[in-house]
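For reference, the structure is listed below as structure tokens.
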Amino acid sequence: MAPQQSERKTYTTGSVKTGMTMTEKILARASEKQQLNPGDNVWVNVDILMTHDVCGPGSIGIFKKEFGEKAKVWDREKIVIIPDHYIFTSDERANRNVDILRDFCGEQNIKYFYDIKDLSNFKANPDYKGVCHVALAQEGHCRPGEVLLGTDSHTCTAGAFGQFATGIGNTDAGFVLGTGKVLLKVPPTLRFVMDGEMPHYLLAKDLILQIIGEISVAGATYKSMEFVGTTVESLNMEERMTLCNMVVEAGGKNGVVPADSTTFKYLEDKTSVPYEPVYSDAQASFLSEYRFDISKLEPLVAKPHSPDNRALARECKDVKIDRVYIGSCTGGKTEDFLAAAKVF
Amino acid sequence: MAVSLSHVSYSTTFTSSASKTTVAGPSLSPHSIKVPTFSPLTVKPLNSSFTPHGARAITIAPHATSTPSSIPSDTSTKTFHGLCYVVGDNIDTDQIIPAEYLTLVPSNPDEYEKLGSYALIGLPSSYATRFIEPNETKTKYSIVIGGANFGCGSSREHAPVALGAAGAKAVVAESYARIFFRNSVATGEVYPLESEVRICEECRTGDVVTIELGESRLINHTTGKEYKLKPIGDAGPVIEAGGIFAYARKTGMIPSQSK
């Protein structure tokens, strides 16, 4: 598959425009507006809607109730349905929920449904992809400049690809299923500049824990978090995903990392859908800017019971560990397993 | 000093019964709780504290079993009245509706009711008074009062749905996590209000409160104090219309429903 990247359009208007941040620009384009400011409420065109087995059935229920039993989704190729939450279980209701997804995908001819039927052997399911946020990236559904919504708070993970990605509930998702649009309020942006060479004992998780410890679990509420700097540029896509994944833990609406050659290389063999990256203007306004010298950071942990209860791992060296969990969307990517394996 | 208080009997029409109350110690909260001073003069008997404007003024009846948008479009005369349940800061969606119950589908009427029965079951045991009593499926508290960052965590719409299905009508928090707030507005299950001050530190579970929506005012009848609430803001038009679908139809974004 040859990678596609359309030529950058130049906007020509007679009026003077204020510089916009990346998030503002993405939403402006998606709402077909020349200029947007934080606080504006706009109807935005959605490029991808993702749902899973927990919220899918409820979203489908609302879609049918509001648009009719025979209603058709707005675009069968822009919906990605990923059963991943309660899968390898004998729980009847959980399995019924996957059946509901399957029935819907069949009736709507949904193009991307990563089904699982044989619960005894996950390898026997050719379509099954596992964790939804990782699958979205690996299957090429995350593209710079686009708007991606998901019925899951960690949908913000996809912002690593330089797109607007955020979590919504069943009712909003039911609405998007029928219309392909969502009503959004444009968030102001907090900028996090991370420079310095990343020590080998740090991972992106340490970076985001540093930030959340700094601004608290509500420090980014209703705001966008933009991650820039030489350290960010040195991160691979999986690490950038970890960074953006925990944006919601700071209350953030969405997180973004500007797309660059690392992004384009990752997407080369994954998508042939043309995309157009978007970047913050030089004169864009940011609510605040935080700067970090990463070379000076130490490994961090979040102590019970809050992600902002930051402590140095060193300070916790006497805490006895009963059990370690490696998995899920934040810390369960291949990179994370490799990092854990290296410890041994 | 024992004081006569009118007692709100949830799920039935008002029964005004005098009952003694004793000032109990706080069942939660690291913050100091002011002991309310009772005065017969400041505690208004139920029947005279509001004048019903048509049938919609006070909603005491439990929600219908399907997922309704229970917020009527005219909010200027709307009031909420009942007992309040007070929680602290950072009440996350796992406390509101633990993950194990998420196989229940909110758009399924039976499962909607079941979700309600588990509302706030995830609160730690430090909350000695539970939101729903053991062996009950509905709550007697129609108003939840919270601190900062209420509803943080997951995007699960099951959270405001569970509260609404349990019988809560409104939440008054110092601040909200955005997805929970958005889901509350979209579903119409609970009315999400913001307080100007930390009323979670001044109210106690079991206090009788009234919220006058049109006046952005919360009255705690038990303590006699009143509080200003913040205006609803940009979500106002969506709530006024009756949720996102109604708003979209009203503004012509989607066609009216044809049955």
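The values are calculated or read from the model by the stated rules, or taken from the named source; none is laboratory data. Bear in mind that the values here come from a model prediction, so they are computed numbers and not experimental data. All Cβ positions, even for glycine, are placed from backbone atoms using ideal geometry, and neighbour counts span all protein chains on display. All accessible areas refer to the heavy atoms of the entire protein, side chains included, with ligands and DNA or RNA removed. Shrake-Rupley method; radii C 1.70, N 1.55, O 1.52, S 1.80 Å.
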- Message: Looking for something open to solvent by 50 Å² or more (accessible area, probe 1.4 Å), in contact with a Ser or Thr (Cβ under 6 Å, 6 or more places away or on another chain) and part of a helix (DSSP H, G or I) - is there at least one such residue anywhere in segment A:233-248?
- Response: no
- Only residues that are more than 9 Å from chain A (Cβ to nearest Cβ) and assigned to a loop (DSSP other than H, G, I, E, B): list them for segment B:212-250, please. B:L213, B:G214, B:E215, B:S216, B:H221, B:T222, B:T223, B:G224, B:K230, B:P231, B:I232, B:G242
- Could you pull out every one of the helices (runs of 4 or more DSSP H) wholly within segment B:96-210 that has 2 or more residues that are under 27 Å from A:I212 (Cα atoms) and out of contact with any Cys (no Cβ under 8 Å at 6 or more places or on another chain)? B:158-166, B:178-187
- Message: Condition first: among the acidic types (D, E) and open to solvent by 10 Å² or more (accessible area, probe 1.4 Å). Now tell me which residues in segment A:25-62 satisfy that.
- Response: A:E32, A:D40, A:D47
- Item | Among the candidates B:F150, B:F181, residue that is open to solvent by 10 Å² or more (accessible area, probe 1.4 Å), within 11 Å of chain A (Cβ to nearest Cβ) and touching a residue at least 40 places away in the same chain (Cβ under 8 Å) | B:F181
- Which of the residues belonging to segment A:249-270 are outside any helix (DSSP H, G or I) and either more than 14 Å from every other protein chain (Cβ to nearest Cβ) or within 13 Å of the chain's Cα centre (by Cα) (or both)? A:G252, A:K253, A:N254, A:G255, A:V256, A:V257, A:P258, A:A259, A:D260, A:D269, A:K270
- Message: I'm trying to understand the selection: among the residues of segment A:63-86, which are open to solvent by less than 20 Å² (accessible area, probe 1.4 Å) and either over 16 Å from A:I168 (Cβ atoms) or outside any loop (DSSP other than H, G, I, E, B) (or both)?
- Response: A:F63, A:A71, A:I79, A:V80, A:I81, A:P83
- Message: I'd like the full set of residues that are touching a strand residue (DSSP E or B) at 6+ places or on another chain (Cβ under 8 Å) and either part of a helix (DSSP H, G or I) or open to solvent by less than 60 Å² (accessible area, probe 1.4 Å) (or both), limited to segment A:299-319.
- Response: A:P299, A:L300, A:V301, A:A302, A:D308, A:N309, A:A311, A:L312, A:A313, A:C316
